[in-house]
Structures are given as C-alpha cells and as structure tokens.
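Worksheet for the structure shown next.
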Amino acid sequence: MDQRPQRHSKEELTQIIESFLSTYGRVQVDIMFVRKMPGKPKTYKTYMLECDKASVKEMLIGTLDYMIQEIGRRSMEEYDLELSRDAVVQYVEKSHVLHSDAVLGSITQQLNQENTLNQDVDFDKLNFLVIQLFRPGDGEKLLLFKKHIRNAASLKTKTVRFSFNGREFRPFTDRILTIGSNAEAFLIDGFYYILNRDKFNSMFDYKDAFLNVVEEHTKAIVDTNMITNAQEFIDQCKNDGRYLPRLTKAILGKGFKNLVEYRSKLNRIKKEYGLNIELTDDEKIVYSRPEDTPEILNLLMDHYVISALTEHRMLAKAIEKYEIG
C-alpha cells in the first residue's frame, strides 16, 4: 500500500534548500515556462528553456536565499481555502492540487521545436514557470514555481528603449524574457509549500478545484432542504470570486451537516447577533437576494462566536479550531 507523503518541518526545509545551495555544481537545472490555454477542460502549453545553468546561477541562488529567509520568519499552517496571510507558509499535499500532474508531467530533457521556447512564442502570453533542481547523486529534487514577469505591461506603445554599445545609444527592439528571484511556491517530497497563496491559486486555477467541490455537493446541499432557493444561492457563490472559496470551505468543513443538526438554534442566533436573514416557520433559511449570501456563509462557517473574555457576541473573520480538554 502506498504511503502518503509527510510534510517537512521548517528546519528540515531549510536544510534541504541549503543543501542545494552548497551542491549547486552537481545540480541539474531544468526551466519550463507554462501558458494556460483557454477553454475547458483546462490545458497547459509548456516550453522548456534552453540555457546554461551558469547563466541562471545568480538568480537561483537569490531565489533559494529568499526561500530560506521567508521560511525563517514565517509560521507554517495547512493551506486555507479562504485566507491568505503574509506571515505564514501554507502547505498542501501535491495530490490535492488539481492541475499539478498535468503541468509537472511536461518537464523533459528531450527538447524539440514543439516543446522549446523559441522566437515564435509570444512571451507575454506565458503565465508562470517551473524550475526543477535535481541532484542525480542522491535523487533529491526541488521544484520552484514563479509567476512570469510580463514586460509588455510596463512598456507602453509610446515608450522608447535604448541600449549602449560603448560608443553610442541605439534603439533596443529585442524582446526580453525575465525571471525574477522570488518564488511563489516550491515542491518537495509530495508537498507544496506556498509563499504567495493568491499567485499560487492563479497558476493552478484553484477556482476549478473549488467549482468541482461545489458541483459534486450541489445535489446534497439542495436535498438538505435547509435553504430556500438553494440553487440560486449556490449559483451566486459560484459566480462571485469572494464567495466561491468560502462555500467550498463550508462544504468541506461540514457546514451543511451542522446546519441541519443545529437548526433549532437558528432563531436564537438570528436574534442575538442581529442578523438580517429571514427564517421560515419551520426554521429554514430564506435566500431571496444576493445580499443574503455573506450572512448565510458566516453561519455555515460557524463564524458567529462569543468571546471567552468579554462574553461579547462577535463575527470572527477567521477561526482556528482546537479541541480543548
């Protein structure tokens, strides 16, 4: 039976990254640019970059140093569907990232006209890049994920660029391919470690994963018969980027199961927290307009709390749950 991967501690991650810094001369470097193609199902077009690893050494050392610095100053916590926090490294198992295999399966050393970056590729349509560091001696592998830095956005049509050849300035018209030193995420031993959650979500189109979860559970949500016009409520969440991750989190967090189990408390919660949502005589939640959505989601996510210190009733923006006693 396959054993699930185990995530590394901050100390272990730092040691692994430092080992790649100290053995860079023995590391194989593969760089792949990725373009997300329109349409469904989601597809990715990938291009390998032909370059000598010495030419990217300074950039890669800067990236690895940046990763060590960020790991050192941040805490670590499991990936959160809803919240992005600068002071945290979030982690998620590779198998839980919907398009991961589709992207990583394209990394290759068998280069040809079709899979190699060349003059026919529009650089400004590239979305992100993957850098694979592989040490043949022990088989250790580290993958870095970076958002592609597009140049066209900063070079408007009236912008003129010049290069200096030592004697004179001449118009510079060559296209530029830029790789920054930051990393949005990295992959080690079956776990992604995420430094920029929003950009990571964009790379792998996490919206697709959220939609899959919602669509798989839509019938069950409707069948609870706890929300009137439930399909309209679901559609509103699916079409609003603010609400889709929250509905997904509520589903995975058993929010609808709790709603059914504790429906007898809804009237009291409505009164004590001054909620605007309406309830039917048999304690169903009435969904009649988009403005009802935030309060329903807050209920599903159990965000109405009582302070243990002041006993004030509050809306918690986020909750980390621990069993006490």
* Structure fact -> Out of L104, L126, L143, a Gaussian network model of the chain with alpha-carbon springs under 10 Å gives the largest mean-square fluctuation to L104
* Asked: In whole percent, what relative contact order does the range 208-315 give with Cα contacts below 8 Å and a gap of six or more residues?
  -> 28 percent
* **Where the Cα pairs of the chain fall when distances are cut into 20 Å bins, in %** => 25, 47, 24, 4, 0
* **Point-charge dipole on Cβ atoms (K/R +1, D/E -1) for the range 208-315, about Cα centre, debye to 20** => 300 debye
* Structure fact -> Scoring only Lys, Arg, Asp and Glu (+1, +1, -1, -1) among other residues with Cβ under 11 Å from the Cβ of F200 yields +1
* Asked: Is it possible to state the helix-based mean residue ellipticity at 222 nm for the chain, with each DSSP H run of 4+ residues giving -39500 (n - 2.57), the sum divided by total residues, to the nearest 500 deg cm²/dmol? What is it?
  -> -9000 deg cm²/dmol
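Quick check on my link table: of K141/K249; K219/K284; K238/K265, which ones sit more than 20 Å apart, alpha carbon to alpha carbon?
Among K141/K249; K219/K284; K238/K265, the Cα-Cα distance tops 20 Å for K141/K249; K238/K265.
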* To do: Would you work out the relative contact order for the chain, in percent, from Cα pairs under 8 angstrom that are 6 or more residues apart?
  => 16 percent
* Most fluctuating residue given options L266, L211, L117, as computed from a GNM of the chain linking Cα atoms under 10 Å -> L266
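Among K207, K146, which comes first, then next, by fewest other beta-carbon atoms within 10 Å? Please list the in-between numbers first.
On the way: K207 17, K146 24.
So the ranking, lowest neighbour count to highest, is K207, K146.
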* **Residues M67, M226, sorted so that the one with the fewest Cβ neighbours within 10 Å comes first** => M226, M67
* Structure fact -> The pairs in K45/K257; K57/K94; K53/K147 lying past 31 Å Cα-Cα in this model are K45/K257
* Asked: How do D302, D138 line up, fewest other C-beta atoms within 10 Å first?
  -> D138, D302
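Bear in mind that the values in this text are calculations on the coordinates, not laboratory data. Keep in mind it's a predicted model, so treat the numbers as computed, not measured. With ideal geometry, Cβ positions are generated from the backbone for all residues, glycine too; neighbour counts draw on all protein chains shown.
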